[in-house]
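Only one structure is covered here, and it is reproduced in the block below.
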Amino acid sequence: MNYIVFDLEWNQSAFGRSGEHPRMPFEIIEIGAVKVNEKYEIISEFSSLIKPKIYKKLHNSIRAMLNYDENELKNGKPFQEACTEFLKWCGPEEYVFCTWGSTDLFYLQNNMDFYYMNKLPFPVKYYNLQQVYADRFTDDQAISKLEKAVQYFDIEVDEPFHAAINDARYTAKVMAAMNQKDILELYSYDLYRHPKKKEEEIADYHAGFFEFISKEFSCKRDALLDKDLIALNCCKCKKKTSKKMKWFQVTQNTSMAVGRCWYHGYVIGKIKFKSCGGSDDNVFAYKKVTLSDKSGLEELKKKQEDIREKRKQKRHEKNSSAE
Ligand SMILES: [Zn+2]
C-alpha cells in the first residue's frame, strides 16, 4: 500500500462575506502531493496549479503567504481536470491519504462537491499527521504548524513553505521520522461526510482508544437518548464500565462522562456534536473513549463543579437584572 501525502493551497473571497459563495467558501488553487511507499520513500510527485473560477482575486492574507499570484493562476488547469488527474495519479495501487491537519481533505471534498464530481468512497480513513504529532511527540495537544515538526525532527529546510508540493514533501519527511513510534494504528476518519443511518455507523477500537461516529439525529437531545452513542465501554477490553460520572455538557457541543473498567481502570468518554450542514438542527456525533486515571476523574469533577457554579451565577445575574 502507498501513502498519498498531499497539501492544498486555497483562496477565499477578497471582499469578505458578501463576496463569498455559500457552497464553496474556500477555493483550491494548488494541489501538491507525493506518493510514498511502505519504506517511507518518495516514489512519485504530483503538482498542479488551478485556475480559479469563483475567487479570481487573491485574498490579502493568502497573497502574502504564496510565492505566486493571479497571473500564474490564470495558466492553471480547471479544478475538475486537475483533481481528476490527481485522483488517477494516486492509484492504481491501493493508497491511503495523509495530510497535516484535517482541513485539506475537507476542502478537497467540498470543492469536488461544488463541481458535482463523484464522491470519494465512504468512509475515508486517513492519517492526520498533525494529530499523530500531537499524540506521540508533544506534551500539549495544541495544534502545531508543519514548520514546528520539521524543526523538531531536524529536517533540512531547502524550499519555502506554503507551496503545496514543498509542504507535501516536508510532511512526508515528518511522517518518515515519526515512524519510529509505530504510527500505523493512529489513523483517523474524515468527518466531511457522516453516516446517514444506523448500518453506516462507525465503531472502531484502535491505537488504545475507541472511536464512534453516529448516524444523523434531528437534535442533540435525541442523540443523547441513543444507547449506542451514550454507551461507555472500556477502550481496551470493550467491556461495559460502571458509571462514575454521567454524561454532562462541557461546552455547547461537547459532553463528557467517566466510567470504570474492573480490569483497566478509568476511561473518559467525549462526545462532540457536529452540524450536518443543512438548514435544520440535524447533528451527528463523534465519540472518543480513552484510558484515564483517578486524577482524570478528579479533574473532570472539578470542571463540572466550575461549570455548575458559572451557570448558577448566570441565572442569578439574569434574575437580578429582571427585577
Ligand atoms: Zn477494560
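For the pair region 28-52 / region 70-101, the C-alpha centres are spaced 7 Å from each other. Summing charges over neighbours of Phe26, with a neighbour being any other residue whose Cβ is under 12 Å away from its Cβ, gives -3 when K and R count +1 and D and E count -1. Principal semi-axes of the equivalent ellipsoid, √(5λ) from the alpha carbon gyration tensor of region 207-309, are 24, 17, 10 Å from largest down. Here the scattering of region 2-181 is modelled by Debye summation over its C-alpha atoms, one equal scatterer each and no solvent; at q = 0.12, 0.17, 0.19, 0.20 Å⁻¹ the log10 of I(q)/I(0) is -0.57, -1.13, -1.36, -1.46.
For region 228-283, the list of chymotrypsin sites (Phe, Trp or Tyr not before Pro) that fall in a loop by DSSP and count at most 16 other C-beta atoms within 10 angstrom reads Trp262, Tyr263. With the helix formula -39500 (n - 2.57) applied to DSSP H stretches of n ≥ 4, the chain reaches a computed 222 nm mean residue ellipticity of -9500 deg cm²/dmol.
The separation of region 181-217 from region 234-275, counted between C-alpha centres, amounts to 16 Å.
Taken one residue at a time, the phi angles of region 44-57 give Karplus couplings (6.51, -1.76, 1.60, θ = phi - 60°) of 6, 10, 9, 8, 8, 8, 10, 6, x, 10, 9, 9, 7, 9 Hz. Gly and Pro are set to x.
Can you give the alpha-carbon Rg of region 78-153 over 2.2 N^0.38 Å, where N counts its residues?
Details: Rg = 14.9 Å, N = 76, 2.2 N^0.38 = 11.4 Å.
Against the compact-globule rule of thumb, the ratio is 1.31.
In order along region 111-128, the phi-based Karplus estimate (6.51 cos²θ - 1.76 cosθ + 1.60, θ = phi - 60°) of 3J(HN,Hα) comes to 5, 4, 5, 4, 9, 6, 7, 4, 7, 5, x, 9, x, 8, 8, 8, 9, 8 Hz; Gly and Pro are listed as x. Filter the cross-link list Lys198/Lys303; Lys238/Lys287; Lys227/Lys310; Lys227/Lys302; Lys243/Lys301 down to pairs whose alpha-carbon distance in this structure exceeds 21 Å. With Cα atoms farther than 21 Å apart: Lys198/Lys303; Lys227/Lys310; Lys227/Lys302. For the chain, the convex hull drawn through the C-alpha positions has a volume of 181 cubic angstrom per residue.
Every number here is computed from the coordinates shown, using simple stated rules; none is lab data. Keep in mind that what you see is a predicted model, and the values were worked out from it rather than measured. In this analysis, Cβ positions are derived from the backbone assuming ideal geometry, glycine residues included, and neighbour counts consider all displayed protein chains.
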